[in-house]
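Undergrad: Okay, handing you the structure first.
The values are calculated or read from the model by the stated rules, or taken from the named source; none is laboratory data. Everything quoted here is computed from the prediction, not taken from an experiment. Cβ sites come from the backbone with ideal geometry, for glycine too, and all protein chains shown count toward neighbours.
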Amino acid sequence: MTDSPAELPQGPRSAAISNMVVRFVSAYTGRGPTNARTHISEDLVTVVLKDTLTKGERSLVRDGRESLVLEMRKAFQNTMREDLVAGVEAIIGRQVVAFMSDNHIDPDFAVESFVLEPVSSTSTEREQNSG
């Protein structure tokens with residue numbers, strides 16, 4: 001019998017989130033990052049991605065079109081928002097109340113951050129609904 005994603009220990013949950021984010025970035029942009037590391041704290045999940053830019057985006061950067069690349073990346077992140085949030089919620093087992101995302105060109109990094117509903121709010125609601 002396997003645990004549901006929300007019941008996994010932090011290490012496997014971090015790996016599951018990293019893998020999920022890499023899959024979505026790859027599906028949406030045509031190329032996934034070469035490295036992803038997820039950090040989970042009390043009410044925050046942050047995924048740091050390395051080497052995210054496509055060959056075409058790197059070419060645009062070389063031609064001085066960095067702002068265009070960042071604008072395109074922001075558009076991809078907004079388009080992926082629902083899938084990424086749903087994936088984190090399924091793995092963590094808590095609601096995401098805010099999603100923030102940004103890219104840095106040189107060095108090539110991206111950060112996806114998910115603010116989770118506080119545990120105390122979730123616990124209180126469950127206690128009220130069961131009583």
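Undergrad: Scan the range 46-68 for residues that are free of Cβ contacts under 8 Å to residues at least 40 places away in the same chain, among the aliphatic types (A, V, I, L, M) and either surrounded by fewer than 14 Cβ atoms within 10 Å (Cβ to Cβ) or in contact with a strand residue (DSSP E or B) (Cβ under 6 Å, 6 or more places away or on another chain) (or both) and jot them down.
TA: Passing the criteria: only L68.
Undergrad: Among the residues of the range 63-81, is there at least one that is within 20 Å of P118 (Cα to Cα), of a type in the set (A, V, I, L, M), out of contact with any Phe, Trp or Tyr (no Cβ under 6 Å at 6 or more places or on another chain) and modelled with pLDDT of 95 or more?
TA: Taking every residue of the range 63-81 in turn, none turns out to be within 20 Å of P118 (Cα to Cα), of a type in the set (A, V, I, L, M), out of contact with any Phe, Trp or Tyr (no Cβ under 6 Å at 6 or more places or on another chain) and modelled with pLDDT of 95 or more.
Undergrad: So how many residues does the range 1-30 have that are within 17 Å of L44 (Cα to Cα), among the polar types (S, T, N, Q) and modelled with pLDDT of 95 or more?
TA: Summing the residues that are within 17 Å of L44 (Cα to Cα), among the polar types (S, T, N, Q) and modelled with pLDDT of 95 or more in the range 1-30 gives 2.
Undergrad: Follow-up. Please go through the range 33-45 and give me each residue that is buried (at least 19 other Cβ atoms within 10 Å of the Cβ) and without any contact (Cβ under 8 Å) to a residue 60 or more places away in the chain, ordered by number.
TA: Correct list: A36, T38, I40.
Undergrad: Just to verify a result, which residue in the range 92-120, among those that are touching a residue at least 60 places away in the same chain (Cβ under 8 Å) and out of contact with any strand residue (DSSP E or B) (no Cβ under 9 Å at 6 or more places or on another chain), is surrounded by the fewest Cβ atoms within 10 Å (Cβ to Cβ)?
TA: By that ranking, first place goes to V119.
Undergrad: Further question on the same structure: Among the residues of the range 105-117, is any assigned to a helix (DSSP H, G or I) and either more than 12 Å from the chain's Cα centre (by Cα) or of a type outside the set (D, E, K, R) (or both)?
TA: no
Undergrad: Let me ask something else about it. Out of R13, R37, which single residue is under 27 Å from E117 (Cα atoms), touching a Pro at 6+ places or on another chain (Cβ under 9 Å) and basic (K, R)?
TA: Going through R13, R37 in turn, the sole match is R13.
Undergrad: Among the residues of the range 89-113, which ones are more than 19 Å from T29 (Cβ to Cβ) and hydrophobic (A, V, I, L, M, F, W, C)?
TA: Within the range 89-113, A90, I91, I92, V96, V97, A98 qualify.
Undergrad: Identify, from the list A90, A75, the residue that is among the hydrophobic types (A, V, I, L, M, F, W, C) and under 14 Å from the mean Cα position of the chain (by Cα).
TA: None of the other options fit; the residue is A90.
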